[in-house]
Amino acid sequence: MNVFAHVEGLIKASLEAMQADGELPSDMDVSGIEAETPRDKSHGDVATNAAMVLAKKAKMKPRDIAEKLKQRIEGDADVEKADVAGPGFLNLTFRPEFWHATVFSILDDGAVYGRANLGGNAKMNVEYVSANPTGPMHVGHCRGAVFGDALARLLEFAGYDVTREYYINDAGGQVDVLARSAFLRYRQALGEDIGEIPQGLYPGDYLMPVGEALVREQGDALRELDEAQWMPIVRAKSIDMMMDMIREDLAALNINHDVFFSEASLQASGRNLIKEAVDALKSKGLIYQGVLPKPKGHDDGEWEEREQTLFRSTEFGDDVDRAIAKSDGSYTYFAGDIGYHFDKLQRGFVHLINVFGADHIGYIKRMKSAVAALSDGQAEFDIKVCQLVKLFRAGEPVRMSKRAGTFVTLRDVVEEVGRDPVRFMMLYRKNDASLDFDFAKVTEQSKDNPVFYVQYAHARAASVFRNAAEAFNGLDTSTDALRAADLRQLTDPGEIELIKMLAAFPRLIEGAARAHEPHRLAFYLYEVASALHAQWARGNDSPQLRFIAQGDVGLTIARLAMIAATRQVISSGLDLLGVEAPDTMR
């Protein structure tokens, strides 16, 4: 049961009854009324500003509407009291039995509790990582990879048909640099002393296996060829092996993509997608020949005005129009991105999300303008930016990886601390805020380590069932037995507060999915874990509150039902984050 949807239905029904009785205009739309949790818990369980939203259209004072609405709602069997506050807020407090029903709902729904139909099975494309295939994944890629994967999981849970996509940047100059770097390692594998890696080439040892593979496949034949001859051979092998390594790095984080789209394929697959996209923009009158203004801060002595092929991106909110072809007629990198997103739209996606690194912030407006133009404003396109990750070890900055040569790899981090701490901590901060990742902090067993604290809550919940089986020999703790529990025995404020938090899970899913913010789920799980741990601690101080009530099977079963519901919500939430929900922890 989605408590907030239930309450909104109750409010709507009451408003419609007021319309039927002439207390509100009959032609007024009341379908968009919402209910929310009050910031101050003393104000009640749920609040609605329905009266203030409707006052102007009804030509009535908000408090007058709120008072009439109160009279309708306070007679509901689930409502303990209804209060009108401020200019016209209606605050509702529900009876404990109302919250007890949430426990049964969770037990009945199991792993699908909280699942929404927000997306209506609409096709959603989530593109993330899309790192250049020039080396292993580094920790900066790690954050975008985890964020994109968790967002995809969340959107699927919210009812979207999600495609996870990786754009392989395999057509630019950087892959030629990769090939030259690999060719150097090829010569090294043949026994040459290559000395220091020249400036401008990739220095990491990760290219040594590429050189060795080329020797196995080509022998020394490549050494006799000109660069123009060996370049396509070495480039193709290097990209293939780099992508294999990237897939392995991502798999270490339990991240898998449905589609790997090659940039090179835009103009090499029997059709030129870039030209098709540009022609589509031309047909809309959005391509022209012109001269761009000199960029701010550019040296006048080096600036040369030249006519270029431009896209009218300013018509869609961009700061300046953008070049899509160079003076030699070749397409710009931006033109390639236009062609790629044109292909996404051709594949039927009208909901698109791109996950960018912090270094691509300046690219957002032009990409949004391109998609808006190509889709005639019909596509819903969001770009989420993941800010930088700073690595520390016990407060001291971590510099670089010996294997990579210039940066700390994703694999280094996962191998040192494990997948779960990496995934959870990458999500335990809003994506557009910088993140400090301390190897020591994410492995300590304390409340200050969120991933430990949440996982321990799940393990603690599982341990309650093991302990109950020992305390009551042969105790039936099946779902059917828990479903038959008398939850009227759950009267402690701490118990009711925990259940209220579980009831918020469906609304949390909807809100996080709408905002494309999986970090909300990580924060929520920490709060649920805190409530469970707090109730456990209260039982240590007050034996009558312990989850296992000595000699009282009925009360124990009731509390086990609550614990089972809590464990289910934590398990579902962790699964959406891609984190394990352990039943035991050392």
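The values are calculated or read from the model by the stated rules, or taken from the named source; none is laboratory data. Model, not experiment: these values are computed from the prediction. Cβ coordinates were reconstructed from backbone atoms using ideal geometry, including for glycine residues, and neighbour counts include every protein chain displayed.
Taking the condition of being modelled with pLDDT of 95 or more, loosely packed, with under 14 Cβ neighbours inside 10 Å and part of a helix (DSSP H, G or I), how many residues in region 177-215 meet it?
The qualifying residues number 0.
Being surrounded by fewer than 21 Cβ atoms within 10 Å (Cβ to Cβ), modelled with pLDDT of 95 or more and part of a helix (DSSP H, G or I) is true for just one of Asp359, Asp343, Asp376, Asp337. Which residue is that?
Asp343
Mind counting the residues in region 157-174 that are more than 14 Å from the chain's Cα centre (by Cα) and either of a type in the set (Phe, Trp, Tyr) or assigned to a helix (DSSP H, G or I) (or both)?
Result for region 157-174: 4.
Please verify whether region 205-225 includes one or more residues that are in contact with a strand residue (DSSP E or B) (Cβ under 9 Å, 6 or more places away or on another chain) and either at negative phi or small (Gly, Ala, Ser) (or both).
Yes - at least one qualifying residue is present in region 205-225.
Out of all the residues in region 321-329, is one or more in a helix (DSSP H, G or I) and of a type in the set (Ser, Thr, Tyr)?
no
How many residues does region 68-115 hold that are surrounded by 15 or more Cβ atoms within 10 Å (Cβ to Cβ) and assigned to a helix (DSSP H, G or I)?
17
Return the residues of region 399-427 that are over 18 Å from the mean Cα position of the chain (by Cα), at pLDDT 85 or above and either over 12 Å from Gly135 (Cβ atoms) or assigned to a strand (DSSP E or B) (or both); say none if nothing qualifies.
Once the filter is applied, which keeps residues that are over 18 Å from the mean Cα position of the chain (by Cα), at pLDDT 85 or above and either over 12 Å from Gly135 (Cβ atoms) or assigned to a strand (DSSP E or B) (or both), region 399-427 yields Thr409, Asp412, Val413, Val414, Glu415, Glu416, Val417, Gly418.
Quick check on my filter: what residues within region 436-452 are surrounded by fewer than 19 Cβ atoms within 10 Å (Cβ to Cβ) and in contact with a Leu (Cβ under 9 Å, 6 or more places away or on another chain)?
Asp436, Phe439
Do any residues in region 21-47 that are over 21 Å from Phe505 (Cα atoms) have Cβ atoms under 9 Å from those of residues that are surrounded by 10 or more Cβ atoms within 10 Å (Cβ to Cβ) and among the polar types (S, T, N, Q), where the two are at least six apart or on different chains, and which pairs are they?
Within 9 Å, the pairs are Pro25/Gln19; Ser26/Gln19; Asp27/Gln19; Met28/Gln19; Val30/Gln19.
Kindly indicate whether Asn91 is of a type in the set (S, T, N, Q) and within 30 Å of Tyr340 (Cα to Cα).
So Asn91 fails the test.
Pairs, please: C-beta under 6 Å, at least 6 apart or cross-chain, first residue within 14 Å of Val371 (Cα to Cα) and at pLDDT 95 or above and in region 275-299, second surrounded by 12 or more Cβ atoms within 10 Å (Cβ to Cβ) and of a type in the set (Val, Ile, Thr)?
Ala277/Ile338; Leu281/Ile287
So is Gly418 on the phi > 0 side of the Ramachandran plot and surrounded by fewer than 21 Cβ atoms within 10 Å (Cβ to Cβ) or not?
When the stated conditions are applied, Gly418 passes them.
Which residues, counting only those in region 300-316, are under 28 Å from Ser375 (Cα atoms), assigned to a loop (DSSP other than H, G, I, E, B) and modelled with pLDDT under 95?
Once the filter is applied, which keeps residues that are under 28 Å from Ser375 (Cα atoms), assigned to a loop (DSSP other than H, G, I, E, B) and modelled with pLDDT under 95, region 300-316 yields only Glu307.
I'm told Val553 meets every condition in (1) in contact with a Leu (Cβ under 8 Å, 6 or more places away or on another chain); (2) of a type outside the set (D, E, K, R); (3) over 20 Å from Ala485 (Cβ atoms); (4) surrounded by fewer than 23 Cβ atoms within 10 Å (Cβ to Cβ) except one. Can you identify the failing condition by its number?
(3)
Just one of Ala131, Ala182, Ala158, Ala171 is in contact with a Leu (Cβ under 6 Å, 6 or more places away or on another chain), of a type in the set (Gly, Ala, Ser) and touching a residue at least 60 places away in the same chain (Cβ under 8 Å); which is it?
So the residue among Ala131, Ala182, Ala158, Ala171 that is in contact with a Leu (Cβ under 6 Å, 6 or more places away or on another chain), of a type in the set (Gly, Ala, Ser) and touching a residue at least 60 places away in the same chain (Cβ under 8 Å) is Ala158.
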